[in-house]
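The values are calculated or read from the model by the stated rules, or taken from the named source; none is laboratory data. Please read these numbers as outputs of a predicted model, since none were measured by experiment. Methodologically, a virtual Cβ is constructed for each residue, glycine included, from the backbone with ideal geometry; neighbour enumeration extends over all protein chains shown. Heads up: the accessible areas ignore ligands, DNA and RNA and are worked out on the full protein's heavy atoms, side chains in. Shrake-Rupley method; radii C 1.70, N 1.55, O 1.52, S 1.80 Å.
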Amino acid sequence: MTSRREAREARQSAEAAAADSDASAEPRDDLAAFFGDATTADRDGSGHGGSGHGGSGHGGSGHGGSGHGGSGRGGSADGDGSRGRRPRRPLLKSARFWVPISILLVLIVAGVAGGVAAKKLYDQAMSAKSDLEQAIPLVGQVQQSMLAGDTASAKASITQITALTAAAKQKTSTGLWRNAEWVPVAGANLTAVRVTADSADTLVRDAVSPLTAVDLQALMPKDGAFDVKHLASLSDDVNRADKTVTQIRHDLAALDRSALIPQVASGVTKLDDELAKVGPILTPAHNALTILSKALGADGPQHYLLIFQNNAESRGTGGNPAAIALLTADNGRITLTQQAGSGDFANGRDQPIIPLDPQLEALYGTKVGRWIQDSTLSPDFTDTANIVRAYWAESFGTPIDAVASFDPVALSYLLRVIGPVPLPTGDVLTADNAVPLLLNEVYTKYPEGPEQDAFFAAAAKAVFDGLLTAHPDPKALLDALSHAANEGRLMYAPGAPEQAKLLAGTPVSGTMPTSNDQATVLGAYVDDVTEGKLDYYMRMGITAKTTQCEKSDAPAFSSTVTLTNTLDPAAVADLPVYISPARFFAKGDVSTDLYLYGPVGSSLTGVTVNGQPVAVTGQPHLGRTAVKVNVLTHPGDTVTVEASFSAPAGAFGPLEVRHTPMVADTPVTIDAPGCAAEK
């Protein structure tokens, strides 16, 4: 059996082991030492666990009092204190309290600092937003003032905008702002506000503001000449503005719109909308000014043919070229140096004067190049320019740099700006009488061809001289010219390829787009084959339909054209022979070849005349399918022709119609279900 001494020693060993275990469970807090928290008891090994009890008789005799502690406090074998146990420190002196509290304080300080920064950013953002909301709409006001010729109002608006956009840019360009752009979610919005503010400021400073210095009056001729140096300088200003707008649109397009909150997204969209108004003005203005200074002879004399198309005898881009004038421009001064009529050229030739495009010849026949009167048949004015240039070179030898076209209706627009023009014949040409006098009454007043040609030549020279000397209001003049160009009554085909490239696809170029991307264009062109001037009485209306926004994989298109002969049957007998010669058709009847074009890449699916199907075949031309339909109208009759087309899937811009400019306006109706919501 185990002796009492052995049992006591075993018990003491077990208690010592338990004490050591407790000491390890209560770790020595090195972090406490780091924070300066260690106590004297920790350093000298004293303890509180076995005080007076360890030295008394409860623990046994003298062994218990002496123990290993060196005193009665060390804990006896039988005492309730544990040998080696380290005492707990008060909580306020312990790392168990201060470490998490310190971390919490750091987070609180960071949170407070972040909150202050966030509040500052918020205030900056709201202030910048307010600046931009006031500034961006004013850009449109500047544009309107400039177009109205009110330079003073434009400059006043610019001053206001500049202050607002500069302030917005300053508020969004701080280091705090840029650093915060790295914050998820909020950062994308901060970036968008900064880019918008910077873009608005750049737009005003580098694009809109320089243009307010433009004096439209300085664009007009003085003493019969244009200031070509001023035009070249202005072209440089507009070019820089155009590049600025292009760069801004690129910067805005790079923003991730999906990450923007509605308030920020709407601000970016507003700037987009203003750019959409400015861009379409700057690019054509730059192109026009780039061409204009050179065209006016800044680099040497330039020679131009000006065709006057007679809408009373319709052709594709207008009418029979009744009169042609040679203009010479040298260092801004323009002179009318020569005039000619159709009789001055070799017509009715066996072969076209120049080789024709095979597709053009297949659709229109060789007459396009065999008679100068038919040189305007093609809807592509560059074809006309090439043919007329060749005729002029053959007859007169003068090298031609460009060919332009005008008609009496466009002439009436100019007369509203420059005022009435007296003619050598004693007639006075006005905006109200120009069309009836030049297209109808002249054939009664001057029944012989040479007299008519002389009258047309005198009218052209009188208007030309009036344009150079009348000092018209520049805004009104630009409006008149724009009106004429948009109706296809003013066209210009330069010989220089770089100039032609700048004008390609625009109304003034007289060419149809080569793709459907920007605009889906249908065409309706008229060729009078009556050999008279009865189209003075002809009226045309067009309805164009498309399913491109409903069935983009296989869209369908149609053009419905109505032709009405408005001639009073009672007036037929008194018509001059030059208006209705009645050689091939009954007097008063009008025979019309109508050419209908589908979109680029289209195919013809059917044609009806007054609702009845007709057997015709489509022909390729200008990358499209075109079809020719002959229509005969008696006085008072209306004929309706509808052509349907299909096109493969692809990108389709808004539906448009281009057509022969008639004597009277041609109403055009667009029926494009589903497209309006996309615009």
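Quick check: anything in the range 636-649 more than 30 Å from residue 531 (Cβ to Cβ), among the hydrophobic types (A, V, I, L, M, F, W, C) and touching a strand residue (DSSP E or B) at 6+ places or on another chain (Cβ under 7 Å)?
yes
For the range 386-406, does any single residue satisfy the condition of being within 30 Å of residue 293 (Cβ to Cβ), open to solvent by 50 Å² or more (accessible area, probe 1.4 Å) and of a type in the set (Asp, Glu)?
yes
Output the number of residues of the range 211-239 satisfying the condition of being among the charged types (D, E, K, R) and free of Cβ contacts under 8 Å to residues at least 12 places away in the same chain.
Matching residues across the range 211-239 total 3.
From the list 521, 526, which one is under 20 Å from the mean Cα position of the chain (by Cα) and open to solvent by less than 10 Å² (accessible area, probe 1.4 Å)?
521
What is the one condition in (1) assigned to a helix (DSSP H, G or I); (2) under 17 Å from residue 313 (Cβ atoms) that residue 405 does not satisfy?
(1)
Select, from 424, 436, the only residue that is outside any helix (DSSP H, G or I) and either in contact with a helix residue (DSSP H, G or I) (Cβ under 9 Å, 6 or more places away or on another chain) or among the aliphatic types (A, V, I, L, M) (or both).
None of the others qualify; the one that does is 424.
In the range 465-509, which residue that is in a helix (DSSP H, G or I) and small (Gly, Ala, Ser) is farthest from residue 376 (Cα to Cα)?
By that ranking, first place goes to 476.
Scan the range 442-453 for residues that are open to solvent by less than 60 Å² (accessible area, probe 1.4 Å) and in a helix (DSSP H, G or I) and jot them down.
442, 443, 449, 452
Which one of the conditions (1) farther than 21 Å from residue 318 by Cα; (2) at pLDDT below 90; (3) loosely packed, with under 15 Cβ neighbours inside 10 Å does residue 499 fail to meet, given that it meets all the rest?
In the conditions (1) farther than 21 Å from residue 318 by Cα; (2) at pLDDT below 90; (3) loosely packed, with under 15 Cβ neighbours inside 10 Å, residue 499 misses (3) alone.
Residues being under 22 Å from residue 218 (Cα atoms) and among the basic types (Lys, Arg): count how many of those fall in the range 272-306.
1
Find the residue count for the range 585-606, including only residues that are surrounded by 23 or more Cβ atoms within 10 Å (Cβ to Cβ) and either under 25 Å from residue 554 (Cα atoms) or at pLDDT below 95 (or both).
6
Taking residue 625, is it over 20 Å from residue 381 (Cβ atoms), of a type outside the set (Lys, Arg) and surrounded by fewer than 22 Cβ atoms within 10 Å (Cβ to Cβ)?
no
Run down 245, 208 and say which single residue is in contact with a Gly (Cβ under 8 Å, 6 or more places away or on another chain), open to solvent by less than 20 Å² (accessible area, probe 1.4 Å), in contact (Cβ under 8 Å) with a residue 12 or more places away in the chain and within 20 Å of residue 169 (Cα to Cα).
245
Of all residues in the range 143-200, count the ones that are open to solvent by 20 Å² or more (accessible area, probe 1.4 Å), modelled with pLDDT of 75 or more and of a type in the set (Val, Ile, Thr).
5
Quick check on the range 535-574: of everything there that is open to solvent by less than 20 Å² (accessible area, probe 1.4 Å) and part of a loop (DSSP other than H, G, I, E, B), which residue is farthest from residue 604 (Cα to Cα)?
Filtering first and then ranking leaves 567.
Condition check ((1) touching a His at 6+ places or on another chain (Cβ under 9 Å); (2) open to solvent by 50 Å² or more (accessible area, probe 1.4 Å)) across all residues:
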| residue | (1), (2) |
| --- | --- |
| 352 | no, no |
| 356 | no, no |
| 363 | yes, no |
| 368 | no, no |
| 371 | no, yes |
| 378 | yes, no |
| 383 | no, no |
| 409 | no, no |
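Quick one: in the range 211-242, which of the residues that are acidic (Asp, Glu) and under 19 Å from residue 333 (Cβ atoms) is least open to solvent (accessible area, probe 1.4 Å)?
Looking at the filtered set, the residue picked out is 227.
Select, from 636, 650, the only residue that is within 23 Å of residue 606 (Cβ to Cβ) and assigned to a loop (DSSP other than H, G, I, E, B).
650
What number of residues within the range 356-381 are part of a loop (DSSP other than H, G, I, E, B), of a type outside the set (Val, Ile, Thr) and touching a strand residue (DSSP E or B) at 6+ places or on another chain (Cβ under 6 Å)?
So the count comes out to 2.
Of all residues in the range 259-305, count the ones that are farther than 30 Å from residue 191 by Cα, modelled with pLDDT of 80 or more and either open to solvent by 30 Å² or more (accessible area, probe 1.4 Å) or of a type outside the set (A, V, I, L, M, F, W, C) (or both).
11
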